[in-house]
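Every read-out reported here was derived from the displayed coordinates using simple, explicitly stated rules and does not represent laboratory data. What you see is a predicted model, and the numbers here were worked out from it, not measured in a lab. Cβ placement follows ideal geometry from the backbone for every residue including glycine, while neighbour counts extend to all protein chains displayed.
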Amino acid sequence: MSDEIRVPMNGMLGFAGILQKCELAPEPARYADIIAHSGRAMMAILDDMLDLAKIEAGEVAIEHRSCDVARLVEECAGNHRMAIEEGGRTLEVVLDRNTPRVTATDPIRLRRILGHLLSHAAQAGREGGVTVALAHEENALVIEVGGGDLSNARQFPIAISKELARKIGGSLTTRTSRQDSSRAVLRLPHRNTVPVGPVERRGHLVEEHLRFPGTGRLLLVENYDATRRLIQDMLGTFDLMVETATDGDAAVDRVLDAEHGDRPYDLVLMALRLPGCDGFEAARALRLAGLTGEHLPIIALTADVLADDTAAMRAAGMQGHLTRPINFDDLRAVLRRWLPYRIVGEDGPRASRTASVETRWRERREQAFAAAREALGAERLAPERAREITALMHKVAGSAALFGESELGRNAAVLEHALLADAGTEARRRAAKALLSAT
């Protein structure tokens with residue numbers, strides 16, 4: 001059922017996201033924003049329904065593993081920062097330096113709980129700030145989210161979050177003051193574990209700040225037309241050669257033919273549910289043919305992931321997964337992790353392609369700051385100039401993280417959205433000022 005629901009939602013949300021990145025006139029851009037916002041709201045409700053069904057059926061499998069909680073908290077907060085700040089509020093993340101960063105817990109369920117709490121904070125519509133704090137209390141890690149009004153929250157996701165907290169061995173409590181300011185306190189038992197080491201990655205990759213994408217050949221295996229087209233359009237942002245297959249047998253044939261040719265594949269994105277030979281069988285066949293995960297990573301495309309599913313993927317020889325609805329940021333993260341990259345030595349000569357990429361980025365970065373200064377100082381922007389700045393901010397938002405400037409990318413996206421939505425002079429100036437603060 002999860003797959004049947006998520007596949008059409010993936011198509012709707014994905015293409016709405018692509019529309020938002022197009023250079024549209026203000027009115028169609030506003031329609032695209034409404035479609036995307038409504039779709040995400042519907043997806044949140046569907047996710048809650050699926051979670052509740054699993055809880056009631058006793059099918060919520062918990063997988064405790066080493067987790068950098070501090071990093072997870074920062075990532076969750078970052079994902080909701082734009083929505084919170086667009087409402088004129090502030091978001092502050094407070095990490096106690098004396099708190100252990102790493103513990104053994106279920107990161108998927110923890111991320112779900114924090115997502116519920118931060119989503120409500122973004123929609124609360126109150127003045128003031130939202131605070132996310134991580135601290136240590138006896139043998140527990142304590143995550144506190146304050147600034148929303150949980151008395152008016154849909155009790156459905158809060159009840160699910162409390163149950164998920166209980167299943168991972170913790171507890172979630174909420175409290176609302178007389179000023180209608182709520183606090184949600186999540187307590188997790190601290191279990192000593194080995195520090196989170198470097199993620200598994202291909203041997204020829206180097207540290208993230210020295211990695212630059214090169215060209216690559218990718219095979220996308222997906223039988224749903226809308227999903228296949230969506231991912232192809234997303235991949236079109238990158239300098240990749242993308243080919244497709246619609247079933248497992250065809251995927252195996254294509255990969256083996258490529259191995260015997262001049263240009264083997266660098267990465268396979270493989271749907272699990274395929275007609276005939278499914279994704280699991282296809283992955284096993286490729287591993288039995290002698291293609292190791294080091295040589296050819298395989299990433300699963302799936303609607304939901306439980307502990308048993310993760311184990312089955314690993315047993316079949318897959319290196320990771322993307323969960324529907326697939327978004328651009330998750331896809332980009334997979335490409336950055338698994339595609340081959342040109343190695344850039346700190347002291348040695350750089351490849352010409354790498355130098356060219358860095359030069360273009362520096363130029364685009366300076367153009368963005370100049371445009372932000374213009375957006376900050378101008379009382380009114382001509383429509384054509386507003387479209388030009390919007391297109392520039394879109395490019396910066398999509399590429400800044402590749403050069404270690406995630407904050408700049410987030411601020412560029414906020415300014416892009418303010419211009420697309422024609423949010424007014426003050427909103428535009430506030431967004432431009434935030435971008436300039438990232439210099």
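Assorted remarks:
- Straight Cα distances below 30 angstrom link LYS162 to the lysines LYS54, with same-chain residues fewer than 8 positions distant left out.
- Look at the dipole of region 1-60 built from charges on Cβ: of ALA41, LEU19, LEU52, the Cα furthest out on the positive end belongs to LEU19.
- Gain in span if fully extended, ARG229 to PHE369, counting 0.36 nm per residue against the direct Cα distance: 47.0 nm
- Spin-label pair ASP239-LEU50: with each label point 7 Å from Cα along the Cα-Cβ axis, the two points sit 3.6 nm from one another.
- Three semi-axes of the equivalent ellipsoid, region 208-343, Cα gyration tensor, whole Å, largest first: 20, 18, 15
- For region 1-60, the convex hull drawn through the C-alpha positions has a volume of 61 cubic angstrom per residue.
- Between region 10-79 and region 219-241, the alpha-carbon center distance in angstrom: 19
- Simple spin-label estimate for GLU388 and THR425 gives 2.2 nm between the two label positions (7 Å along the Cα-to-Cβ direction from each Cα).
- Take each peptide in 261-269, 233-241, count the other Cβ atoms within 10 Å of every residue, and average; sorted highest first, the result is 261-269, 233-241.
- 19 Å Cα-Cα reach of LYS395 towards lysines, excluding residues that sit fewer than 8 places from it in its own chain: LYS21, LYS433
- Selection from THR246, GLN319, GLY279 lying farthest towards where the dipole of region 208-343 points positive, charges on Cβ: GLN319
- Virtual spin-label span in nm between ARG360 and VAL94, 7 Å along Cα→Cβ: 4.4
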